[in-house]
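Notes follow once the structure below has been shown.
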Amino acid sequence: MTDPETRPQLEPPTYEQKILSEAEKWGQHLRVEASGEWNAWLDHPLINEHYDQRSFIDGMRWESWVRKAIGRPAGCSLDLGCGSGSRSFAVFHAGSTTRVEGADLSPDRIGEAERMRQASGMPGEFRVEDSNVATLPRDRYDLIFSAHSFHHFLELEHVMQEVSNALTDRGLFVLEEFTGPTQFQWTDAQLGFVNAILMTLPESFRELPKGRVWPPGALKTHEGRPLPEEVMAASPFESIRSADIAPLFEQFFEIVQIRKLGGTIQHLLYNGIMHNFHPRIPRAVELIQGICRLEDELIDTGFLPSDFTLLIGRPRR
C-alpha cells in the first residue's frame, strides 16, 4: 500500500478545465431531459404549476409581462446560460421580443438551440460563450434574462456590470433563479422542516429508485447537507455563489418586481423520491398540495427564506 505522504498529489483543476467539465455535464443532461423522468421538484406538473402561479405579475408570467413593462416588444433579447433556448422561445412566442440571442457554455445545448431556432425561422443567434468573462455590446438589449442558470456563474459582479451596460434606457434584467445557500449548504432550520415532513410520509412515497446503489425497497430516511467538495465534483460551478445573487442584484439594479418562488423545502424533500408522487394517485396530490401550502406559509410569514426568487430590475445609472 502506498504511504499517503508519498502518494503523488494531484493538481487542482484549472478554471478552463472546470469550464470544460461544466459544459460537458450540461451537454450530457440533454439525454436526461429527453427521457421525461421526474428527477427534480419542478419536473412534477402540479408543483411546476404552483411555482408558476407564485411568479405571476398582474396575472401574467414574466415572459408576457415584460412587454407591458418595456412598452413594446424588445428589439433584441439576450438569454444568459440559455441552454437549449427554451426560455428564449417562450419570450418570443409571448410577443416580448423580436430577436433572440443566447449564450451558453455547452456546444451541445447551443447546437440544439440553433437547430430549433433555424427550423422555426426565428430571428437571432445562440452562441457558445462564457458569461463570466464576456464583454457585452453597450445599449443593445431591451431585455436580458437568465433562468435557473445564473447560480452557476462565478464572476457575478462582472456579469451584472456587463448586463447594466448592455441594457437600453428602457431595458429590464430578469433573474428567475436559485438564490439559496451557496454550494447547497442548507440551513439547520430548513433541514429540520424537511426531515420532519419526510418522516410523516407513508413509506410508499419514500421509496428510492430501483436499480441505483441502494437495495430494492430502500427508503429515504433523511436529507443531509452535502460537502462543498461533493457539490463541486458533481458540477464545478453548482450554486458557486448563489447566496450573493440577490444582494448584488439590489446593488446593481433598481428592483421593479420581486416574487418569492419557494423551493426551500420542496427542492430538498423530493430529492430522490419525486417519481413516487404521480398525479393520478389521489393521496399524492393531497400530499403535494399540503406541502405547497406549508412551504408558502413558512416563506410568506418570513419564517424561512425563499430559495428560488424572481427578480426584475433596471440598471442604477
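The values are calculated or read from the model by the stated rules, or taken from the named source; none is laboratory data. As the structure is a computational prediction, the values presented were derived from the model and not from experiment. All Cβ positions, glycine included, derive from the backbone under ideal geometry; neighbour counts span all protein chains shown. Accessible surface areas use protein heavy atoms only, side chains included; no ligands, DNA or RNA. Shrake-Rupley method; radii C 1.70, N 1.55, O 1.52, S 1.80 Å.
Overview of values
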quantity: Filtered residues of segment 34-54 (kept if over 14 Å from the mean Cα position of the chain (by Cα) and assigned to a helix (DSSP H, G or I)); calculated: ALA34, SER35, PRO45, LEU46, ILE47, GLU49, HIS50, GLN53, ARG54
quantity: Qualifying residue in segment 308-316 (condition: assigned to a loop (DSSP other than H, G, I, E, B) and buried (at least 16 other Cβ atoms within 10 Å of the Cβ)); calculated: no
quantity: Filter pass, LEU198 being more than 19 Å from the chain's Cα centre (by Cα) and aliphatic (A, V, I, L, M); calculated: yes
quantity: Residue satisfying all of: in segment 64-74; touching a Ser or Thr at 6+ places or on another chain (Cβ under 6 Å) and part of a helix (DSSP H, G or I); nearest to ALA233 (Cα to Cα) among these; calculated: VAL66
quantity: Considering residues of segment 28-63 that are under 24 Å from VAL174 (Cα atoms), out of contact with any strand residue (DSSP E or B) (no Cβ under 9 Å at 6 or more places or on another chain) and small (Gly, Ala, Ser) only, the residue least open to solvent (accessible area, probe 1.4 Å); calculated: ALA40
quantity: Failed item, numbered, when TYR141 is tested on (1) more than 25 Å from SER235 (Cα to Cα); (2) open to solvent by 80 Å² or more (accessible area, probe 1.4 Å); calculated: (2)
quantity: Segment 102-129, subset over 21 Å from GLN28 (Cα atoms) and out of contact with any helix residue (DSSP H, G or I) (no Cβ under 8 Å at 6 or more places or on another chain), residue most open to solvent (accessible area, probe 1.4 Å); calculated: GLN118
quantity: Where THR168 falls short, out of the listed (1) over 27 Å from LEU261 (Cα atoms); (2) open to solvent by less than 40 Å² (accessible area, probe 1.4 Å); (3) part of a helix (DSSP H, G or I); calculated: (3)
quantity: Conditions (1) in contact (Cβ under 8 Å) with a residue 12 or more places away in the chain; (2) farther than 27 Å from SER21 by Cα; (3) of a type in the set (Asp, Glu); number of the one not met by ASP244; calculated: (2)
quantity: Flag if HIS158 is in a helix (DSSP H, G or I), touching a Gly at 6+ places or on another chain (Cβ under 9 Å) and not aliphatic (A, V, I, L, M); calculated: no
